[in-house]
Each structure stands twice: as structure tokens, then as C-alpha cells.
1. Only residues that are within 16 Å of R5 (Cβ to Cβ) and either without any contact (Cβ under 8 Å) to a residue 24 or more places away in the chain or in a strand (DSSP E or B) (or both): list them for segment 74-106, please.
2. May I ask you to list the residues in segment 5-30 that are open to solvent by 10 Å² or more (accessible area, probe 1.4 Å) and in contact (Cβ under 8 Å) with a residue 60 or more places away in the chain?
3. Taking the criterion of being at pLDDT below 85 and open to solvent by 60 Å² or more (accessible area, probe 1.4 Å), would at least one residue in segment 76-96 satisfy it?
4. What single numbered condition from (1) assigned to a loop (DSSP other than H, G, I, E, B); (2) among the charged types (D, E, K, R); (3) under 30 Å from P191 (Cβ atoms) fails to hold for R109?
5. Against the definition (more than 17 Å from the chain's Cα centre (by Cα), open to solvent by 30 Å² or more (accessible area, probe 1.4 Å) and not hydroxyl-bearing (S, T, Y)), how does P66 come out, yes or no?
6. Please go through segment 42-72 and give me each residue that is modelled with pLDDT of 75 or more, among the polar types (S, T, N, Q) and over 18 Å from T23 (Cα atoms), ordered by number.
7. Filter segment 117-130 down to the residues that are in contact with a strand residue (DSSP E or B) (Cβ under 9 Å, 6 or more places away or on another chain), assigned to a loop (DSSP other than H, G, I, E, B) and open to solvent by less than 50 Å² (accessible area, probe 1.4 Å), then identify the one that is modelled with the highest pLDDT.
8. Does S51 meet the test of being polar (S, T, N, Q), open to solvent by less than 30 Å² (accessible area, probe 1.4 Å) and without any contact (Cβ under 8 Å) to a residue 60 or more places away in the chain?
Amino acid sequence: MAAMRAVYLLRSAAPRGRCRGRTYVGFTVDPRRRLRQHNGGRSRGGARRTSGRGPWEMELFVHGFPSDVAALRFEWAWQHPNSSRRLLAPPTRRPREQPISFALRLLPRLLLAPPWSRLPLRIRWLRPPRPALELAPPPHVVEEEGAGPPRLKRKKGRSQEAQATPLLRCPRPLCKMAAHPSCLARLFLAPEPLQLLPVGGACPR
């Protein structure tokens, strides 16, 4: 099974004051544990921006990223839409728009932008009822509801999946080309530097 890599959205449920309704976007390999850390404060591993500003509730998380780098780039773009090069025309926050509404307006725009538009991502909604997004995500993005899967432990070193990855071979009968998928991906993505997942390419031989 693939490792869990999730980018999550928190909303503060503080009963009153300036903290109520605030949002926070982060990355984790264990959504349940990370929520406990945020609500426990910095002494329990929570972030500085969320410490003492809760309690926090996790609205959703996006998972299915092929690498930590892909997930962390998504996290950064969601946190800094105006600075990200992935969104060509990032939306601006509307007058009196709640932070959670703005974050949910950004989400489908990120999912529709390269390189994430080609990734087999999933949205896990945690608090019913599920809100309607302003734009529809790509049709291959699956929307789920519920608490979500448990954390999957990571093993040190190369995983068995990586060690067992077979070579890809050219379908032409007389061609003897064989290459690792990651090597072919880098070659096929040369004309598309913004993407992470190729959809095709020509044999390099």
C-alpha cells in the first residue's frame, strides 16, 4: 500500500474572539495524530500559528500524492496562492468572505492546475454536510467522506515497491529498449516542465 501523504485544512472553532473561523493548511502522514498535536499546542508538536487559537477541526484533507515534494508544493501553493507560479490567475478574497470559504474556492483551482491536474488525488471530507465547491475538480479526482484511513508506517530505506518496480520495454517487436519508469518520466516530461506525470512519449532509441 502507498504511504499516506495528506494536505489538510483546519478551521478554528474558538467560541469567540479574533481566532474564531481562522484556517490553517498543513502537510501530514497521519491526519488524526496531527489534529491532536494542533489541539495540544506547541508542547505536543502543534504549529506556532495554531497554538492557543483552537480548538481546531479538520475540514478535509487531500491525499494520493506520489511524493512528499508533490504534496508539499500543493501545501505551499494553497497557503500562498498569490506567490505560487502554479495559479496563473489566483482569485482574490471577497469583501467579508470567511477564511474557510476562500480556502474552499482555492481548492478546485489548485486541483485543476498542473502538475496536480494529472495526479490520482482524493478529497476526504470529514465534517458533513459536504459543501459544494465553486468549480468542479477534475473528473478523475475522487471525493470521499468519513474519518479516513489509518496511518501507514514508513520503512527506512527503499521500499519493497520501489525495489520491485519492473523495467518498461518498448512495444515495437525489434526494439530492445528497457528503462526504469522514473527515467522515462523525466525524458517524457522535458517538454512539460510544470507536470509531474507524463501521459505519453516516444521511444528514446
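1. The one that is within 16 Å of R5 (Cβ to Cβ) and either without any contact (Cβ under 8 Å) to a residue 24 or more places away in the chain or in a strand (DSSP E or B) (or both): W76.
2. Hits for segment 5-30 are R5, R11, G21, R22, T23, V25, V29, D30.
3. Within segment 76-96, one or more residues are at pLDDT below 85 and open to solvent by 60 Å² or more (accessible area, probe 1.4 Å).
4. With respect to (1) assigned to a loop (DSSP other than H, G, I, E, B); (2) among the charged types (D, E, K, R); (3) under 30 Å from P191 (Cβ atoms), R109 is out only on (1).
5. Judged against the criteria, P66 is not a match.
6. S67
7. Selected residue: L121.
8. No; evaluated as a whole, the condition is false for this residue.
The values are calculated or read from the model by the stated rules, or taken from the named source; none is laboratory data. All figures in this text were calculated on a predicted structure; none of them were measured in a lab. For neighbour counting, all protein chains shown are included, and Cβ atoms are generated from backbone atoms with ideal geometry for every residue, glycine included. Side chains included, ligands, DNA and RNA excluded: accessible areas come from the protein's heavy atoms. Shrake-Rupley method; radii C 1.70, N 1.55, O 1.52, S 1.80 Å.
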